[in-house]
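Below is one structure, written out as structure tokens, with a few remarks after it.
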Amino acid sequence: MKIPLIYNIRSVRARPVSTAMTALGIGLVVAVFIAMLALANGFAAALATTGSDANVLVLRKGADSEMSSGLDREAISILTGSPHVARDPGGRPLASPEVYVVIPFGRMADTTQLANVVVRGVSDAAWQVRNNVVVLAGNRPATGRNEVCIGKRLVGRFPNTGIGETMHFAGRPWTVTCHFAAAGSAFESEIWGGNEQIIPAMRRDGFQSLAFRLADAGAYDEAKRALEGDKRVTVDVYRESAFYTKQSELLGNILRVLAILITAIMAVGAVFGAVNTMYAAVSSRAPEIAVLLTLGFRPRSILASFVAESAVIAAIGGVVGCLLALPMNGIVTSTTNWASFSEIAFSFRITPGLLFAGLIFAVVMGTLGGFFPARRASRLPVVQAIR
Amino acid sequence: MALVEIRDVHKSFSRDAERIDVFSGLSMDIEQGSFTALMGPSGSGKSTLLNLVAGLDRPTSGTVQVGGAEVSAMSAGQLAAWRAANVGFVFQQFNLLPVLTAFQNVELPLLLTRLSRRERDERVRIALGVVGLDDRLRHYPRQLSGGQEQRVAIARAIVADPTLVLLDEPTGQLDARSSQEVLALLGRLNEEFGKTIVVVTHDPQVAARAQRQLHLDKGTFIEQASAAGAAV
């Protein structure tokens with residue numbers, strides 16, 4: 001491009017109001033684009049971080065979620081006896097047979113508004129198997145007692161979740177003894193209690209799943225082959241991280257498609273804004289364009305110059321959009337995970353990559369919006385334009 | 001030796017389905033190193049002639065040759081490159097780019113050359129020195145008087161060292177004093193630097209400076225006066 005960019009930058013500065021309006025229009029679209037993808041990102045990240053690569057999740061054959069799975073005590077005993085299950089120094093298996101129940105609770109803000117919360121009955125080993133789970137305050141539920149530990153994202157959003165308070169579900173009182181964090185994962189939206197307390201309370205007679213630590217983290221494929229091939233049990237074996245990532249796929253994809261659809265519709269409006277601004281710029285600067293053509297600048301240089309000008313305005317809009325979206329980073333929201341029909345809380349997750357994508361999106365809108373006005377500029381009849 | 005050779009040029013416009021013939025078989029030469037004034041009433045075709053010579057407009061038929069190159073047969077891209085190297089153009093309204101400084105305005109034609117930044121810098125300073133504005137490099141057009149703006153426009157027209165300098169009513173917007181300055185400058189460009197100058201003007205003072213005056217009316221030359229006695 002032969003025409004110096006400083007010409008365009010100063011021309012943009014010379015008409016601050018129309019530049020600001022166009023940039024703001026593009027900025028709002030970029031902000032919505034970033035916010036919606038941050039939502040999808042946050043949701044996916046919550047589930048993706050839920051599992052560990054070193055852990056294995058075993059479900060009944062054919063079950064597509066923990067809720068629809070079921071494993072009896074005999075199966076659990078066979079599975080935990082496998083040499084692929086890691087053991088603690090005392091020789092006990094690092095395995096947690098789990099019950100997974102979804103219970104409707106009234107929300108703190110409005111107790112008539114119910115949300116499904118996962119209550120997970122775990123073994124004592126669960127706290128070692130899920131090594132990203134950290135007790136933030138209080139003590140883990142004692143074996144044999146009706147005690148629960150609350151994921152930090154539920155605290156304050158549902159009544160009686162404070163330490164020492166008592167929650168009522170499954171016809172029993174449950175004392176809250178601790179709060180836990182799990183690296184932002186979906187576990188933070190769960191209530192954990194002892195599996196041997198939860199089973200009778202829920203009138204169940206078995207477990208839903210088994211989570212265990214691999215004895216050899218690199219031997220997942222062998223473990224899968226061995227357990228799925230064992231005739232005594234009929235199970236599917238998943239790498240825990242992959243299983244939870246898959247659980248986020250449906251809603252994550254819907255959120256992404258929605259983000260793209262909504263921003264695409266808004267982007268059409270913003271592109272028309274840019275078109276309008278650039279047509280106005282071209283017609284008010286027709287004599288300047290004619291001078292450039294007279295001096296010997298080629299029509300394609302004029303085209304590139306005006307497209308660049310539109311892209312500069314759009315880039316300003318992109319920065320505005322990023323600044324508008326940034327405060328949303330970390331804001332906690334919740335939705336129902338369609339794979340388990342339970343409430344999952346997660347944060348808007350704005351990454352540098354997402355901000356960069358927002359900027360690129362802005363520049364693309366500007367380039368599209370600037371093209372036709374720029375083409376008109378490059379085809380301007382010099383003799384008429386100079387008058 | 002003729003720098004510009006115009007042969008049997010016809011030029012017509014359509015306006016509201018009506019055909020307007022500006023030239024019907026115009027022929028003329030402009031000598032290298034000459035200073036020619038084109039005069040005549042509005043609508044006589046002076047500016048159209050200037051535009052044809054500059055390659056800004058095309059004849060309906062006939063040929064326009066400048067320095068042996070047939071301008072009327074060039075493509076838009078070829079014309080742009082040819083203009084950048086051979087023609088300096090000065091407009092009545094100065095037509096400086098308002099967002100660029102005097103220096104940057106004058107530098108524009110050099111951006112189309114292969115000159116280095118240092119060489120460009122030097123050439124711009126020389127051109128602005130010739131027009132007496134080497135102390136106004138960083139001024140924007142709005143910070144200059146009309147006469148100064150037109151001198152910057154002339155500097156822009158000569159900075160790439162073209163053979164031909166075309167001016168369309170260069171003193172039309174200027175007061176008497178500024179007009180005199182511009183005229184003196186044109187005389188210098190012609191005599192000292194050997195530029196071939198063609199100026200469209202209504203101003204008898206400008207015409208008086210020229211070696212040759214051509215009066216156009218309805219697309220034909222009606223009289224000619226020549227300080228040097230050259231014929232059309």
Probe 1.4 Å - accessible area at A:D205, Å² to nearest ten: 130
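Chain pair B, A: how much accessible area is buried, both chains summed, with a 1.4 Å probe, in Å² to 100? List each step's numbers first, then the result.
Numbers: alone 11110 and 17600 Å², together 26690 Å².
That pair of chains buries around 2000 Å² in total.
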Unpaired by the 4.7 Å Cβ criterion, cysteines found in chain A: A:C322
Relative contact order (%) - criterion: Cα under 8 Å, at least six apart; region: chain B: 27
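So what is Rg over Rh here for the protein assembly as shown, counting just Cα atoms and using Kirkwood for Rh? Present the calculation step by step, with values, prior to reporting the outcome.
Values: Rg = 40.3 Å, Rh = 30.7 Å.
Over the Cα atoms of the protein assembly as shown, Rg/Rh equals 1.31.
Within a Cβ distance under 13 Å of B:F103, other residues only, what is the Lys/Arg minus Asp/Glu net charge? Could you put the intermediate results ahead of the total?
Details: positive: B:R117, B:R120, B:R123, B:R125, B:R136, B:R138, B:R156; negative: B:E107, B:D121, B:E122, B:D134, B:D135.
Here the charged neighbours net out to +2.
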Aspartates and glutamates whose Cα lies under 18 Å from that of A:K224, excluding same-chain neighbours fewer than 8 positions away: A:D53, A:D64, A:E66, A:D216, A:D236, A:E240
Region A:317-387 and region A:88-121: distance between their alpha carbon centers, rounded to Å: 39
The protein assembly as shown, accessible area per residue, ligands and nucleic acids excluded (1.4 Å, Å²): 43
Probe 1.4 Å, all protein chains present, accessible-area order of A:M202, A:M21, A:M328, largest first: A:M21, A:M328, A:M202
Beta bridges by DSSP in chain B, antiparallel share as percent, to the nearest 5: 60
FRET efficiency, A:N139 to A:I9 (Cβ-Cβ, R0 51 Å, nearest 0.05): 0.25
Kirkwood-based shape ratio for region B:1-66, expressed as Rg/Rh from alpha carbons: 0.98
Sequence-distant residues sharing a close amide H with A:S52 (under 5 Å, placed H): A:E240, A:S241
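Within a Cβ distance under 15 Å of A:P141, other residues only, what is the Lys/Arg minus Asp/Glu net charge? Don't skip to the end; give the middle numbers.
Working: positive: A:R120, A:R130, A:R140, A:R145, A:R172; negative: A:E98, A:D124, A:E147, A:E165, A:E190, A:E196.
Residues close to A:P141 contribute a combined charge of -1.
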Helical segments meeting 24 Å axial Cα length and Kyte-Doolittle -1.0 threshold in chain A (DSSP H): A:16-48, A:240-284, A:299-325, A:352-378
Pair B:L115, A:Q128: separation of 7 Å Cα→Cβ label points (nm): 8.1
Carbon and sulfur %, accessible surface of chain A computed with the full protein complex present, 1.4 Å: 60
Helix-only mean residue ellipticity at 222 nm for the protein assembly as shown, each DSSP H run of n ≥ 4 adding -39500 (n - 2.57), per residue, nearest 500: -13500 deg cm²/dmol
FRET efficiency, 1/(1 + (r/R0)^6) with R0 30 Å, evaluated for A:I254 and A:D110 via beta carbons: 0.70
Neighbour-limited loop hits for trypsin sites (Lys or Arg not before Pro), region A:134-242 (at most 13 other Cβ within 10 Å; DSSP other than H, G, I, E, B): A:R145, A:R203, A:K231, A:R232
Summed side-chain charge close to B:E181 - residues other than B:E181 whose Cβ falls under 13 Å, Lys, Arg +1, Asp, Glu -1: +2
Sorted largest first, extent of region A:62-233 alpha carbons per principal axis (Å): 49, 30, 28
Using alpha-carbon coordinates, inclination of helix B:117-130 to the longest axis of chain B, degrees: 70
Of all accessible heavy-atom area on chain B, the percent that carbon and sulfur account for (1.4 Å): 45
P(r), alpha carbons of region A:1-106 - 5 Å bins starting at zero, rounded %: 2, 8, 10, 11, 11, 9, 7, 6, 5, 5, 4, 5, 6, 6, 4, 1
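If you restrict to DSSP beta bridges whose two residues both lie in the protein assembly as shown, what percentage is antiparallel, to the nearest 5?
On the way: 65 of 93 bridges.
Rounded to the nearest five, the antiparallel share is 70 percent.
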Peptide A:287-294 - average C-beta neighbours from other chains (10 Å radius): 6
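Please state the relative contact order of chain A as a whole percent: Cα pairs under 8 Å, 6+ residues apart?
On the way: 792 pairs, mean separation 114.0, N = 387.
Once normalised by length, the contact order is 29 percent.
Can you give the translational diffusion coefficient of chain B in µm²/s, computed by Stokes-Einstein from the Kirkwood radius over Cα pairs at 37 °C and 0.692 mPa s? Walk me through the numbers before you get to the answer.
Details: Rh = 18.1 Å.
In µm²/s, the coefficient is 181.
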Complex-versus-alone comparison for region A:1-40, residues with a loss of 40 Å² or more in accessible area, probe 1.4 Å: A:K2, A:Y7, A:R10
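The values are calculated or read from the model by the stated rules, or taken from the named source; none is laboratory data. What you are looking at is a predicted structure, and each value in this text was computed from that prediction instead of being measured. With ideal geometry, Cβ positions are generated from the backbone for all residues, glycine too; neighbour counts draw on all protein chains shown. Ligands, DNA and RNA are excluded from the accessible area calculation, which covers all protein heavy atoms including side chains. Shrake-Rupley method; radii C 1.70, N 1.55, O 1.52, S 1.80 Å.
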